[in-house]
Structure formats: C-alpha cells, structure tokens
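Taking it in order: structure first as structure tokens, then the write-up.
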Amino acid sequence: MIALFSMTLLSSCSDEEQFTSDPNAQLSFSQETVSFDTVFTGIISPTERVMVYNKNSKGLRITNVKLESGGSSGFMINVDGQNGTSINDIQVLKKDSVFLFVKVNLPVSSSMEPTKITDAVIFTLESGVQQRVELEVKGQNMQELHCKVLQGDKVMTANELPYVIYDSLVVAEGASLRITEGTTLYFHNGASLIVHGSLKIEGTLEKPVMLRGDRLDKMFDYLPYDRLENQWGGVYLFPTCQECDINYADIHSGNYGLVCDGIEGKVKISNSVIHNVAGYGLYLKECEALVTNTQISNSKFDCVGIYGGKVDFYHCTMAQFYPWKADRGNALYVSNYIGEEEHLIQSANFYNCFVTGYADDEVYGHPGNQPFNLNFYNCVLLTDVSDATYFHDCIEETKESETYQGKNFQTFDTHAYLYDFRLDPASIARGKGSTTYSASYSTDRLGVERGESPDAGCYQFQMK
C-alpha cells in the first residue's frame, strides 16, 4: 500500500512537471489575424478556424480566453469545444494544439456603406503573459426579400441597401422590374429571378448590374464561393414575359444563367457576361433575340442553346471551358427539335463571333429533315467550316491550332477557376472580324475601339 501510494505521488509530481509557467514559453497561432470578407448584418457568418499550438517541451495552462469587447462586437468564439465570451482553464500539452473557432453575427445599423468592426481574442497564460489574435470584418446592411412577388412596377437601385433574395423574386404577369446601374442582387441558395412580366437591366460600363449568390466567404484562401457554380438559381423568363432588355449585366455562378421560354417580347442582351453555371448559360426557345458584345462561358450544359425562333448574335464570345465535368455541353447548340418536338429555326445568324472550348467541335446544329436557316459570317469557330451553305468567310480553329484550349485568352487558371476571356496577343480571333458587321458595334464590351481590324468575339485586343 505504501509503495503504491509512493508511485501514485511520483506519477502526480511527474504530470505536474509537464506544465510550465515560464513567461518565455508561449503559444503560437496558425494566423495572427482573422479577417472575414464582407458579411451581411443580422446573419451568422461562416466559421473561421485558428490552430492554437504549444510547440514547447512542456505543457501550458491557459487561465482565460476572452473576447476583448466582451461580446459586444458581434464576434463569437469556441475554444477547445467550449463556447462563450470568456472561457477558463484550458490545458495544451507539449507539442499539442487546440482549436479556436470564430464567427460573427453583426447587429443591423443605419449605415449604407460597409462598416469595419474589430475585436481581439485575448489568451492569458498561467505565467501572466497575454497573447492576441486580432479579429476584423466589414459588415454590410441589406434588405431581405422572402418569397417576394412584384405585382406592379418596381425599380431597384444602387442607392438603396443591397438586396438579399430568399425563395426567389417573382415579377408577376403585367408587372415590371427595372434594375439600374451599379445594383447588385444577392440570391440565396436555390433562389431565382422569375419573370412573367417585363425585365429591364440598365447597367453601364463603369457600373454594371450584378446578379450573383449571397455567399461572400471563401471555400479556400484562394477560392471564393462566388467563383463556384450553383450558388443560386438563375433568371427564368416565362412565355408571358413582354420584354427582356439587358445591358451591362454580370450574371454568374448560378444553376443556370438566362432561360427564355418562348417569351412574347423580344430578348435583347448587350455588353453582358453569363458565366460559370451548372446548366444552360443562355437558353432560347422559340424566341426573337438580339445578342451583342456578350460573353457566355463555362456552362455544364450548352453555353448557348437555341431551339427555334429568330436570333442574331453580333460580336459574341462563346467559350465552353466548364471545369467540373468532362461531359459538358457545346459552346453553341442550334436545333429544330427538343426531343421529338419541332421548334423550327426561322433564322439564326452569327456575325464576327468567336466560338471555342475544350472539345474537338464546339458548334452543333441539328436541322433534321426541316429547313435550317443558319448562317455564320466572319466568325472564328472550333468546328469544320467547309460547308459554304452555313459558313461565310469564317476561320476554323482546330486541335492543331497553337491557341487551342484556352491559350487564346489572358487568364486561364483552372486551379483557382479564374478566367479572363480578353484576347491574348497570339489569339486566333485577332483581326478576323469584318468592318461590315462591326460598324454598328464600334467598341467592344469594355469600351475598346475596334477600328479597321475588328477581332472576332466581344473583346477587342488591347495591350496591357
């Protein structure tokens, strides 16, 4: 009994000696500052993680971990599994670590602009030494719209608080939605803009209108969620839609881009981007459409799918480099049929366009046994352009072309999903357009003059 008691006492002393109160023995952190991206007020942010390391040869006792603000800032912490604004008595064994989790729920204020808020997590060691992890965030007030149905005429402007849309925004039949320059609409997962009435987007070169998902954080340090697909629904125009006029819009990262389902009015899209979607980029079924100076890119289904109707495309770039699956659609698909159902193309004309992608052939036409009024003029196309019935003064891009698979463009980062479809100096599209068709579109999507040697696509090459 005495021997056993002695062994227990020695073991206890040994365990006690594993901890030190030497002020030189301190913690280290995976990051000294936790910086959140802009977050919306009143909504709990995603959680940031910090590793708290004890790299010393003996254990450390943390007598207290607290928020410097006492919790008034909106930040919340969890240390080693414990929640609270002040947490006591945490041990970190030698060469071991614990987790610090941080999130924030900012109070709503009256500010129109993002407001920077700071705080700190204070670690007090048994030695009395205090160490800090700084916290910072920008909070943006916003307006939440839940299951909103517009029965009249509505104007959304950048002079108001940003809109965050849940459960879709619906423009009823006979109603209209006008979105003015510089406005951003943030859509929650699954939410869409559904139009039975009329839609007018009035962006400008300096202040485009943006439709995107509402996640402002990052999946990884280098990868914002905003670069991923399927972050929200998309824009859907129902047959009763009387007007769709879109200028300088950026529609990206949805489940689809713009779906036009046999609408009554004309579809006009100019100087815009539809990018990175999990379905169709632009879907036109039995529509009359004019699309100019527009980029439609990286769609799981076809970037542009046309089924019947009457369409004209001038100086458009259709680039199919969807990165997440190999069984992606075409850059351009034109058909007289949806399944067995006829939707006859009245006319489909493409002028000074650039159509490219990963596949051997990115242009697919399906006339069946019906007349097929399809024409390409002075386009650069990743397809066989030998048939003079459809192709007029066009240039064929092939797998053997030096610019094949993304080398046409200024930025093509498949790791960070970062794309800039402005032309590279060596791009095959340079100088391949015709002044006959560029005369009405003398500047490109970004306002660059096309001059006497217009490039194919929506971007005119310009030296950096």
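Any residue at all in segment 123-130 that's in the same structural domain as S28 (by TED's automatic domain parsing), buried (at least 19 other Cβ atoms within 10 Å of the Cβ) and among the aromatic types (F, W, Y)?
yes
Just the residues that are of a type in the set (S, T, Y) and touching a residue at least 60 places away in the same chain (Cβ under 8 Å), please, taken from segment 108-129. Even if it seems obvious, please write down each step before you answer.
Restricting attention to segment 108-129, the residues satisfying the condition of being of a type in the set (S, T, Y) are 109-111, 115, 118, 124, 127.
Once the filter is applied, which keeps residues that are of a type in the set (S, T, Y) and touching a residue at least 60 places away in the same chain (Cβ under 8 Å), segment 108-129 yields S109, T124, S127.
Mind checking which residues of segment 270-291 are in a strand (DSSP E or B) and farther than 25 Å from Y417 by Cα? Walk me through how you get there before you give the answer.
So in segment 270-291, the residues in a strand (DSSP E or B) come out as 270, 273-277, 282-285, 288-291.
Answer for segment 270-291, where residues must be in a strand (DSSP E or B) and farther than 25 Å from Y417 by Cα: L284, K285, E288, A289, L290, V291.
So which residues in segment 84-116 are crowded, with 17+ Cβ neighbours inside 10 Å, at pLDDT below 95 and β-branched (V, I, T), if there are any at all?
Correct list: empty.
Can you confirm whether K103 is within 25 Å of H188 (Cα to Cα), in a strand (DSSP E or B) and either outside the structural domain of A158 (by TED's automatic domain parsing) or out of contact with any helix residue (DSSP H, G or I) (no Cβ under 9 Å at 6 or more places or on another chain) (or both)?
Values: within 25 Å of H188 (Cα to Cα): yes; in a strand (DSSP E or B): yes; either outside the structural domain of A158 (by TED's automatic domain parsing) or out of contact with any helix residue (DSSP H, G or I) (no Cβ under 9 Å at 6 or more places or on another chain) (or both): yes.
Yes.
Working only within segment 148-166, note down all residues that are farther than 20 Å from C241 by Cα and not aliphatic (A, V, I, L, M). Spell out the reasoning first.
Taking segment 148-166 as the starting set, the residues that turn out to be farther than 20 Å from C241 by Cα are 157-166.
Of everything in segment 148-166, those that are farther than 20 Å from C241 by Cα and not aliphatic (A, V, I, L, M) turn out to be T157, N159, E160, P162, Y163, Y166.
On the given criteria, is T356 in a strand (DSSP E or B), of a type outside the set (A, V, I, L, M, F, W, C) and buried (at least 23 other Cβ atoms within 10 Å of the Cβ)?
yes
Can you confirm whether segment 452-463 contains a residue that is closer than 19 Å to Y314 by Cα, exposed (fewer than 13 other Cβ atoms within 10 Å of the Cβ) and either over 26 Å from the mean Cα position of the chain (by Cα) or not assigned by TED's automatic domain parsing to the domain that holds T204 (or both)?
If we filter segment 452-463 for residues that are closer than 19 Å to Y314 by Cα, which is where we start, we get 452-461.
Next, only the ones that are exposed (fewer than 13 other Cβ atoms within 10 Å of the Cβ) stay: 452.
Okay, now just the ones that are also either over 26 Å from the mean Cα position of the chain (by Cα) or not assigned by TED's automatic domain parsing to the domain that holds T204 (or both), so 452.
Checked against the condition, which is being closer than 19 Å to Y314 by Cα, exposed (fewer than 13 other Cβ atoms within 10 Å of the Cβ) and either over 26 Å from the mean Cα position of the chain (by Cα) or not assigned by TED's automatic domain parsing to the domain that holds T204 (or both), segment 452-463 yields at least one hit.
Does T33 satisfy being within 30 Å of P114 (Cα to Cα), among the β-branched types (V, I, T) and modelled with pLDDT of 95 or more?
Considered against the rule, which asks whether it is within 30 Å of P114 (Cα to Cα), among the β-branched types (V, I, T) and modelled with pLDDT of 95 or more, T33 comes out as yes.
Can you name the number of the only condition in (1) more than 23 Å from H366 (Cα to Cα); (2) crowded, with 24+ Cβ neighbours inside 10 Å that H275 fails?
(2)
Run T398 past the list (1) touching a strand residue (DSSP E or B) at 6+ places or on another chain (Cβ under 6 Å); (2) closer than 23 Å to F461 by Cα; (3) free of Cβ contacts under 8 Å to residues at least 40 places away in the same chain; (4) not charged (D, E, K, R) and report the number of the one that doesn't hold.
(1)
Okay, residues lined up against (1) in the same structural domain as K200 (by TED's automatic domain parsing); (2) within 21 Å of N247 (Cβ to Cβ); (3) part of a loop (DSSP other than H, G, I, E, B):
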{"residue": "K268", "(1), (2), (3)": "yes, yes, no"}
{"residue": "S297", "(1), (2), (3)": "yes, yes, no"}
{"residue": "D302", "(1), (2), (3)": "yes, no, yes"}
{"residue": "K310", "(1), (2), (3)": "yes, yes, no"}
{"residue": "F313", "(1), (2), (3)": "yes, yes, no"}
{"residue": "W324", "(1), (2), (3)": "yes, no, yes"}
{"residue": "Q346", "(1), (2), (3)": "yes, no, no"}
{"residue": "F350", "(1), (2), (3)": "yes, yes, no"}
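From the list L205, L237, L228, exactly one residue is at pLDDT 95 or above, surrounded by fewer than 24 Cβ atoms within 10 Å (Cβ to Cβ), hydrophobic (A, V, I, L, M, F, W, C) and farther than 21 Å from Q320 by Cβ. Which is it?
Numbers: L237 fails: surrounded by fewer than 24 Cβ atoms within 10 Å (Cβ to Cβ); L228 fails: farther than 21 Å from Q320 by Cβ.
Only one candidate passes the filter, namely L205.
Tally time: how many residues in segment 329-344 are of a type outside the set (A, V, I, L, M, F, W, C) and assigned to a loop (DSSP other than H, G, I, E, B)?
Initial filter on segment 329-344 (of a type outside the set (A, V, I, L, M, F, W, C)): 329-330, 333, 335-337, 339-343.
Checking which are assigned to a loop (DSSP other than H, G, I, E, B) leaves us with 329-330, 336, 339-340, 343.
Counting residues in segment 329-344 that are of a type outside the set (A, V, I, L, M, F, W, C) and assigned to a loop (DSSP other than H, G, I, E, B) gives 6.
Can you find, within segment 32-54, the residue that is nearest to V92 (Cα to Cα) among those that are loosely packed, with under 14 Cβ neighbours inside 10 Å and more than 23 Å from the chain's Cα centre (by Cα)?
Within segment 32-54, the match that is nearest to V92 (Cα to Cα) is M51.
Tell me the residue from S347, S299 that is polar (S, T, N, Q), surrounded by fewer than 24 Cβ atoms within 10 Å (Cβ to Cβ) and without any contact (Cβ under 8 Å) to a residue 60 or more places away in the chain, please.
Values: S299 fails: surrounded by fewer than 24 Cβ atoms within 10 Å (Cβ to Cβ).
The unique qualifying residue is S347.
Could you name every one of the strands (runs of 3 or more DSSP E) located completely within segment 210-263 that has at least 2 residues being free of Cβ contacts under 8 Å to residues at least 12 places away in the same chain? Before the answer, list the steps.
Working: elements: 218-220, 235-237, 243-247, 249-252, 258-261.
Here the list reads 218-220.
Inspect segment 266-279 for any residue being over 19 Å from I201 (Cβ atoms), more than 24 Å from the chain's Cα centre (by Cα) and of a type outside the set (D, E, K, R) and give the result as yes or no. Working first, answer last.
First pass over segment 266-279, keeping only residues over 19 Å from I201 (Cβ atoms): 278-279.
Filter once more, keeping what is more than 24 Å from the chain's Cα centre (by Cα): none.
Scanning segment 266-279, I find no residue that is over 19 Å from I201 (Cβ atoms), more than 24 Å from the chain's Cα centre (by Cα) and of a type outside the set (D, E, K, R), so the answer is no.
Counting only residues that are under 20 Å from Y248 (Cα atoms) and crowded, with 20+ Cβ neighbours inside 10 Å, which one in segment 178-193 is farthest from the chain's Cα centre (by Cα)? Explain how you work it out, then say what you get.
The initial filter retains those residues of segment 178-193 that are under 20 Å from Y248 (Cα atoms), namely 178-187, 192-193.
Still in the list and also crowded, with 20+ Cβ neighbours inside 10 Å: 179, 183, 185-187, 192-193.
On the way: I179: 19, T183: 16, L185: 12, Y186: 11, F187: 11, S192: 15, L193: 16 Å.
Within segment 178-193, the match that is farthest from the chain's Cα centre (by Cα) is I179.
The values are calculated or read from the model by the stated rules, or taken from the named source; none is laboratory data. Source: prediction; values computed, not measured. Neighbour counts run over all protein chains shown; Cβ positions are idealised from the backbone, glycine included.
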